[in-house]
Amino acid sequence: MKERVFKRIGLRSNNSARDRKLAELKRRAFLSWIRTVGIFILLGVGLLFAYDQVGFSLRELATFLPDFLTAMGDYFPTTAVFGLPVLDFGRYWAFIQAEQLFRAAIVTVSIAFAGTLMGTPGAFLLGVLGSERVTPFPFNFIFRSVMSVIRSIPALVWALIFIPLGGVSPLTGTLAITVDTMGYLGRLFTDELEEIDTGVIEGVASTGASKPQTVAFGMISQVARQYLAWFLFILEFNVRVAVQLGLIGAGGLGYTLLVQRQTFNYTNMMATILVVIVVVLSVEITSTRIRARLRKEAPPGIIELIRGLPERLAKVSRSKD
């Protein structure tokens, strides 16, 4: 009899605990639903406010849609081949040759490369001194603040600032990228130093090394590959920035885009855009390949595959035997 009573009491206590957990789960689900609805409402209100600020109007878009479709026809000119419309690459190529766009592409890449190279020493200095491992708190925030101020000003604005110094020219673009690189690359350098192994630093310091020697051999030696990889990444990014700077007259492919846009020559604009795509992708692929090599993760290239083909065939034949 007592056992039955205890069982009933146990069942009731288990049921009540289960009910409490169920109620708690329902309450959490309801609160989660309320939060989700609230977030979507806030996003909707923010979107409507942003539309109002920029003057977004579907009616206005519909008004200009015919002009846009006409421009798209100019962006992608066609020619008849066996009675079928085919994209006319000949018009693109004629403009590329006439305007020597590949020479302009060299100017764009040169602006990016020179600016990145000139900005790297400053980025290295700010990045190292901005690390708390090198400069004690709170003095390291002086250098971090300098990098933050640099990053808060877009490269286009830096180019406008340097116009009195070098006019609207590739020099202006190079100087803008130089300063911009100091802010972005320096911050990446600082972040890398914050994540290095402390044991190596202590080991170098225990040998009686001075502070500069400890920084050089105990810290920077650990991140040399990462620094080079970040340099290549910023170079890749700066090629895009160099194109943008050309839109304000800094030269290169961006300047050609600016001139063709002002004359509403959309076919020539698209030809320039195609060269921009080729240049940016070429730099990106090269940069990615080198960075993968630095991480020792790169797959073998075509030449390596061809060179290793006889050896692989010999291995296969030996395994069959």
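The values are calculated or read from the model by the stated rules, or taken from the named source; none is laboratory data. The shown structure was predicted, so the numbers you read here are calculated from the model rather than taken from an experiment. Using ideal geometry, Cβ is built from the backbone for each residue, glycine included, and neighbour counts are taken over all protein chains shown. Accessible surface areas use protein heavy atoms only, side chains included; no ligands, DNA or RNA. Shrake-Rupley method; radii C 1.70, N 1.55, O 1.52, S 1.80 Å.
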Can you pull out the GluC sites (Glu not before Pro) in region 118-218 whose DSSP state is coil and whose Cβ has at most 13 other Cβ atoms within 10 Å? E195
Just want to confirm a number: the relative contact order over region 171-232, from Cα pairs under 8 angstrom separated by 6+ residues, in percent. 37
Give me the percent of accessible area attributable to carbon and sulfur for the chain, probe 1.4 angstrom. 68
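Would you mind counting up the charge near A229? Only other residues with Cβ under 9 Å from its Cβ, with Lys and Arg at +1 and Asp and Glu at -1.
+3
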Treating region 94-319 as a set of equal point scatterers at the Cα positions, no solvent, please give the Debye-formula log₁₀ I(q)/I(0) at q = 0.08, 0.09, 0.15, 0.18 Å⁻¹. -0.42, -0.51, -0.99, -1.20
With every protein chain kept in place and ligands, DNA and RNA left out, what is the accessible area per residue of the chain? Probe 1.4 Å, answer in Å². 65
Over the chain: helical MRE at 222 nm, DSSP H runs n ≥ 4 each giving -39500 (n - 2.57), nearest 500: -26000 deg cm²/dmol
